[in-house]
Amino acid sequence: AGDKIKVADADVTFYAQWRAVGTDKYAVTYIASLPKDTLLTGELPSDKDKYEEGAIVKVKDQGSMAIEHYRFAGWSLTSREDGLYQSGEELFGTKDIGKMVTATETAMKEQGLTFYSRWIPLYQITYHANANKVENLPEDTNEYEAGEMAVVLSGDKMTREGYQFIGWNTKMDGSGESYDSGLKFNMPEENIELYAQWKKLPEPETLPE
């Protein structure tokens, strides 16, 4: 429909073309696939529609579901598949079992489509005063993916009577890895605990009476 043709000196006859339309309809289900020892909050998205063979299926977003210290990455067609489908992506449904799955096309099996949630772990940097009566301890409220760039916060505004702040260390006694304020680094696959290191200032001299 809508194509333009050039008519020669003969009649042109068009024949309608038809394809069979099945009456079967299939459901799309969203399942929360959770990392070990995690708790899901919120609700999964749901798709109340039923789809015929050849129908377009639009992927839902994550809804209100969330996992503390994890970021939603997308949906996969199995709980272990690496290929992810994002919100708004359209899939073409088909009942051809065994047909190759591509980024935009997937096999609509007779039991329907099932999407499994996938998650990316997030890591934190926690700063410890490593002493009593310390003021202005910095706090990093961000969460980082492994490999993401992070910056060590400055401890220069911290105050502790009789001591001077000299840097951060992964061990309380300073025997671990040292981190200087302002250092940029790629976040490892673990949380980082940084402990303030202090240098005792000399006692002020007292003048004889």
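So the values come out like this:
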{"quantity": "Extreme residue, surrounded by the fewest Cβ atoms within 10 Å (Cβ to Cβ), among residues of segment 59-76 that are under 13 Å from residue 43 (Cα atoms) and among the charged types (D, E, K, R)", "calculated": "61"}
{"quantity": "Tally, over segment 105-136, of residues that are modelled with pLDDT of 90 or more and of a type in the set (D, E, K, R)", "calculated": "3"}
{"quantity": "Hits in segment 77-104 - residues which are closer than 19 Å to residue 25 by Cβ, in a strand (DSSP E or B) and either modelled with pLDDT of 85 or more or open to solvent by less than 70 Å² (accessible area, probe 1.4 Å) (or both)", "calculated": "91"}
{"quantity": "Subset of segment 140-181 (residues that are of a type outside the set (Ser, Thr, Tyr), in a strand (DSSP E or B) and open to solvent by 50 Å² or more (accessible area, probe 1.4 Å))", "calculated": "149, 151, 160, 164, 166"}
{"quantity": "Qualifying residue in segment 23-43 (condition: hydroxyl-bearing (Ser, Thr, Tyr) and modelled with pLDDT under 80)", "calculated": "yes"}
{"quantity": "Selection count where residues are open to solvent by less than 30 Å² (accessible area, probe 1.4 Å) and under 17 Å from residue 118 (Cβ atoms), scope segment 34-58", "calculated": "1"}
{"quantity": "Given (1) surrounded by fewer than 16 Cβ atoms within 10 Å (Cβ to Cβ); (2) in contact (Cβ under 8 Å) with a residue 60 or more places away in the chain; (3) not small (Gly, Ala, Ser), number of the condition residue 30 does not satisfy", "calculated": "(1)"}
{"quantity": "Odd one out for residue 137, checked against (1) open to solvent by less than 50 Å² (accessible area, probe 1.4 Å); (2) of a type outside the set (Val, Ile, Thr); (3) within 29 Å of residue 67 (Cβ to Cβ)", "calculated": "(1)"}
{"quantity": "Qualifying residues in segment 116-128 (those that are surrounded by 18 or more Cβ atoms within 10 Å (Cβ to Cβ) and not hydroxyl-bearing (Ser, Thr, Tyr)) - the one farthest from residue 193 (Cα to Cα)", "calculated": "118"}
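The values are calculated or read from the model by the stated rules, or taken from the named source; none is laboratory data. These numbers were taken from a predicted model, which means no experiment stands behind them. Neighbour counts run over all protein chains shown; Cβ positions are idealised from the backbone, glycine included. What goes into the accessible areas is simple: the full protein's heavy atoms, side chains included, and nothing from ligands, DNA or RNA. Shrake-Rupley method; radii C 1.70, N 1.55, O 1.52, S 1.80 Å.
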